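For reference, the structure discussed in these notes is given below.
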Amino acid sequence: MNENYPKLAYRFQLNNNFTFYDVISTIPYLANLGVTHIYVSPILKARSGSSHCYDIVDFRYVNEELGGEEGLREMVDRARENNMKILIDIVPNHMAYSLENTYILDFIKTGNPDILRLFDIKQSPLVMDGKLIFPFLSSPLNDLINMGKVAITLEGDIYLDFDGNKIPCSDRSKEWIIRRSGEEFLSVNAIFDNNDDFTKKRIEEIIHDVNGNRDLLNSFIDLQNIIPEWWQSSGKILNYRRFFAVNDMIALRSEDATVIESRHSTIRRLIEDYGISGLRIDHLDGIHDPESYLHFVQSELHPEFIIVEKILSENECLSNKLKTDGTTGYDFLWKVISLFTDYEGLDEIKINYNNDQGKYEQTKADEEHLVYNLKDLFMNEEFAGDILNLSWNIYENLVLRDHYEFSIKQIENAIKIYFKNLKKYRSYSNLNSIGELSEDFTRIGLKTNDPVLVTAGEYLNHKHKMGADAFLQLQEYSGAVMAKSVEDRAFFAYNPFVFLNEVGGSVWNSAVSNKNFIKFLNERKKFTHSMNETSTHDTKYGEDLRASGIVISEFPDLFRKAIEEARNSYITEGLAGRLRNEHLYYIVQMVVASVKSRGLYKSYKDSLNSHIIKAVRESGLKTGWKNINVEYEKSCIELTEKVVEFAELKPSSNIGRLSQMCKEYGQLNSISMLVLKFMLPGFTSNYQGSENHNYHFTDPDNRIPVDYSLLKDQSDLDLKKDYLSIDSLYENGFKLSLFRRLSQIREENLSLINEGDLSLLETQGEGSSSVIIIGIRKKNRRLIIFTGRYFSKIKEGSALNYSNTFLSLNKEWQGKYTDLLSNSSLEIREKVNISDLMKHNSFLIIKADD
């Protein structure tokens, strides 16, 4: 087994409030947990004050706000002294579109076309070549001029001020000002170096005259290297690719070897000089040719291992073309959630939700067409400019050069049809292997009777070397269409059961059976080390909040009553009648999953209310990021606070009872999930603080710094054998203590866990659905993992009742075993009563005696 691979990685979200030096202070604590790799968010120079550091502004330097190279060196050295290595997150797809961006600033001033080569600029029939759209104006340009909110200013340099958005002027526009002053002998910067007050005063007079003359002001604006646009128009007109649809994240060209090499030079040096061990590749799906890119990383940068961020759709496997050691584990995360969801209860919840949609919204939820319709909406509202750019590129190749008879509108429509019908985030074709994309075009074209797509499929098969690049570019955009329509819209607009809506899966995906889970784990072994992950900076919910929320699926009738209580109770004062049904369902689920653990939040009310505002805006129903409905959002918060009040003041109410069930059974769910994360093949990855508890809502709540002084105190607690009777396991440090012990068990059995054969050991009897049993075998070495689930069906007071539930085993699994937590001995015979093993434990890990 490769010793370079992580056994336990610990993820830190770095920013100016948590730096390399803060990481250093935690190293003794991490060593006590058994961490082998410190896993950090991006470390290169990011925008000032960035909370996440994915908004890189200069690839040449380590971020000084994090401690700079000196802090990085010390972190690496202290880690090495404690037998730990460093795994870093790198961002090859995009940078911040900001005046802090060295390259953007240089282009704005000089217009140097070589600088634009760094960025993924798209030729557009609506935008002049050689310029860059600047979509950050607070209002349309003409409106700002009419309001007198556009002006040239002289403040050590010449700037254009767009309603407070101050931008350095281009060199040629400065020369234009100087020529109008009659001082043609001056250089561009001479007005700032010259101490001649008369000259400076003359320049100020010229600027004043231009500001007062609309035609001259427009002429001056036209001389800029940017095209200033209203931020809300970016969906219609754009000439650069964005990260998803975020205007201030500009995509980089990844098809140019020189560009790739230049932006990875610092990472290469850090690997060579500092011994950085592994790389996590952010947003691989935005790269033009992921296969070639990963080959470059592997062969030129030489990290010890590579992990890629990849969202796999239902039934999709990671492409064998991608030379990676594994993924960030979104697939593992969602399949584990699915295992603990009661789908019989979920079916009832969906029926109730659909009935309520018909009753209160005069519409029925349509799972089959949900994503299709939201993709269409997104492309029309946010992506029309991108679609036009892609269409124009294809039009130039297919029509103007090769004389196919299609209009630009037909091509635009075909691209939309392709994106709407694509069930995965992207295909992985390139000039050397075009088949996957060609097959997708043909399949979707025949299904939808679209002539452009059918022709494109044939075209790529016969002429792909000539014009394929225009079609290959679609692959860089398809992931954005999927993510913005699903993760940032559907996950908040379709809310029968929100805790299945996570990166890598959704409430409309099929259930994961125990057998399918084992199949998934075995298939994943071809990529030697994918992450076993249950929380990240990108997940919608912290792992413990989610584990509590999925308990709702076990109580469909109680949930229905809780919804009606929130809708009709005198305490809620009719507030629900002002809200969309979708938001009522969302609010009730968030409250019942979190309210009984409010003491674990730094500020529960602020965190919950902020999350609800974000959720309703993401849904695009009654409010949104571009059209904020303040009164509606106020009603959402008022109802949220009333439901919280209901749960706390009326514990015997339906809302109160469901809240208690979520806490009681949710923490047991979380413990079972933790056992699976440690005891299954892959490598365990833990998001900061999750070893103790993680009830965070989505970002920015999940980026709040962790108080490690508290965790250091709790990590020395002993595991309590009677934990089933404890109401608040997390407050008592149980999860953290279990985390430490599981880390030790994994370390002691690592080769067996990662290299052994996995088998599902099936039970029979009344409680068989409430336990998952997995056997791992390598020659004569055997390990059996028992994890409980659906605890509402088996928990009675402080004990679990698996009455008449039996495990029948072949001879290869029979024999003497040791309980790895208690070190007690037991004998496993042909037929085992589960109650004899798990009456007072929600999980069990046993190893055959040698």
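The values are calculated or read from the model by the stated rules, or taken from the named source; none is laboratory data. Nothing here was measured: the structure is a model prediction, and the numbers come from that model. Quick reminder, even Gly has a Cβ in these numbers, built from the backbone with ideal geometry, and neighbours come from all protein chains shown. Please note that ligands, DNA and RNA were not included when accessible areas were found on the heavy atoms of the full protein model with its side chains. Shrake-Rupley method; radii C 1.70, N 1.55, O 1.52, S 1.80 Å.
Leaving out ligands and nucleic acids, note down the accessible area per residue over segment 208-254 with a 1.4 angstrom probe, in whole Å².
Dividing the accessible area of segment 208-254 by its residue count gives 38 Å².
Of all trypsin sites (Lys or Arg not before Pro) in segment 324-406, which ones are in loop regions per DSSP and have a Cβ with at most 11 other Cβ atoms within 10 Å?
Sparse-neighbourhood loop trypsin sites (Lys or Arg not before Pro): LYS364.
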Name the long-range amide H neighbours of VAL503: under 5 Å, sequence gap of 5 or more, or other chain; modelled H, no Pro or chain starts. LYS540
Using the Karplus curve 6.51 cos²θ - 1.76 cosθ + 1.60 with θ = phi - 60°, what ³J(HN,Hα) values do you get for each residue of segment 326-333, in whole Hz, with x for Gly and Pro? x, 10, 6, x, 4, 5, 4, 4
Fully extended contour minus Cα-Cα distance, from ASN218 to GLU361, at 0.36 nm per residue: 46.6 nm
Could you tell me which of rounded, prolate or oblate describes segment 805-850, using a ≥ b ≥ c as the square roots of the eigenvalues of the alpha-carbon gyration tensor, with rounded for a/c under 1.5 and, failing that, prolate when a/b is larger than b/c and oblate otherwise? oblate
Ignoring ligands, DNA and RNA, what accessible area per residue does segment 352-460 give at 1.4 Å, in Å²? 44
Accessible surface of the chain, 1.4 Å probe, proportion on carbon and sulfur as whole %: 46
Taking a probe of 1.4 Å and leaving out DNA, RNA and ligands, segment 745-848 shows per residue an accessible area in Å² of 44
So the angle from the long Cα axis of helix 384-395 to the longest Cα principal axis of the chain, reported in degrees to the nearest 10, equals 70
Karplus (6.51, -1.76, 1.60) ³J(HN,Hα), θ = phi - 60°, over segment 742-756, in Hz, Gly and Pro reported as x: 5, 4, 5, 4, 4, 4, 6, 10, 4, 5, 5, 5, 7, 10, x
Sequence gap at least 6, Cα distance under 8 Å: using those rules, report the relative contact order of segment 550-664 to the nearest whole percent. 39
Along Cα→Cβ, 7 Å out, is where each label goes; now give me the distance between the ones at LEU431 and HIS462 in nm to one decimal. 2.2
Let me know the whole percent of all Cα-Cα pairs from segment 550-664 that are separated by more than 17 Å. 51
In whole Hz, what ³J(HN,Hα) sequence does segment 416-424 give by Karplus (6.51, -1.76, 1.60; θ = phi - 60°), x for Gly and Pro? 4, 4, 4, 5, 5, 9, 6, 8, 10
Cα axis of helix 20-33 to longest principal axis of the chain: angle in degrees, 0 to 90, nearest 10? 20
Pull up all non-local amide H partners of LYS778: gap of 5 or more, or a different chain, and H-to-H distance under 5 Å with H placed in the peptide plane. ASP757
Segment 360-493, Kirkwood Rh and Cα Rg, ratio Rg/Rh at 1.00
What do you get for the angle between helix 556-568 and the principal long axis of the chain? Use alpha-carbon atoms, 0 to 90 degrees, nearest ten. 50
Hey, what did the chain get for relative contact order, percent, Cα under 8 Å, at least 6 apart? 11
Assuming R0 = 51 Å, can you tell me the calculated FRET efficiency for the pair ASN146 and ASN354, based on Cβ-Cβ distance, to the nearest 0.05? 0.55
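Is segment 210-291 rounded, prolate or oblate when judged by the Cα gyration tensor, a ≥ b ≥ c being the square roots of its eigenvalues, rounded requiring a/c under 1.5 and prolate requiring a/b larger than b/c? Don't jump to the answer; show the numbers that get you there.
Details: a/c = 3.37, a/b = 2.28, b/c = 1.48.
Prolate shape, in that a/c is at least 1.5 and a/b is the bigger ratio.
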Under 5 Å from the placed amide H of THR684, counting only residues 5+ away or on other chains, we find ALA9, ASN532
Taking 0.36 nm per residue of separation and subtracting the Cα-Cα distance, what length does fully extending ASN732 through SER751 add? 3.6 nm
Beta carbons within 10 angstrom, averaged per residue: use that to sort the peptides 550-558, 64-72, 154-162, highest first. 550-558, 64-72, 154-162
Taking 0.36 nm per intervening residue step and subtracting the Cα-Cα distance, what contour gain separates TRP231 from LYS779 on full extension? 191.0 nm
Would you mind listing how long segment 102-239 runs along its three principal axes, going by Cα atoms, in whole Å with the largest first? 46, 36, 22
Please compute the contact order of segment 360-493 in relative form: average sequence separation of alpha-carbon pairs under 8 Å and at least six residues apart, divided by the residue count, as a percent. 30
Violating pairs (Cα-Cα greater than 27 angstrom) within the set LYS375/LYS605; LYS677/LYS795; LYS323/LYS540: LYS375/LYS605; LYS323/LYS540
Using the reciprocal of the averaged 1/r over all distinct C-alpha pairs, how large is the Kirkwood radius of segment 673-813 in Å? 17.3
What value in Å³ per residue do you get for the convex hull of the alpha-carbon atoms in the chain? 182
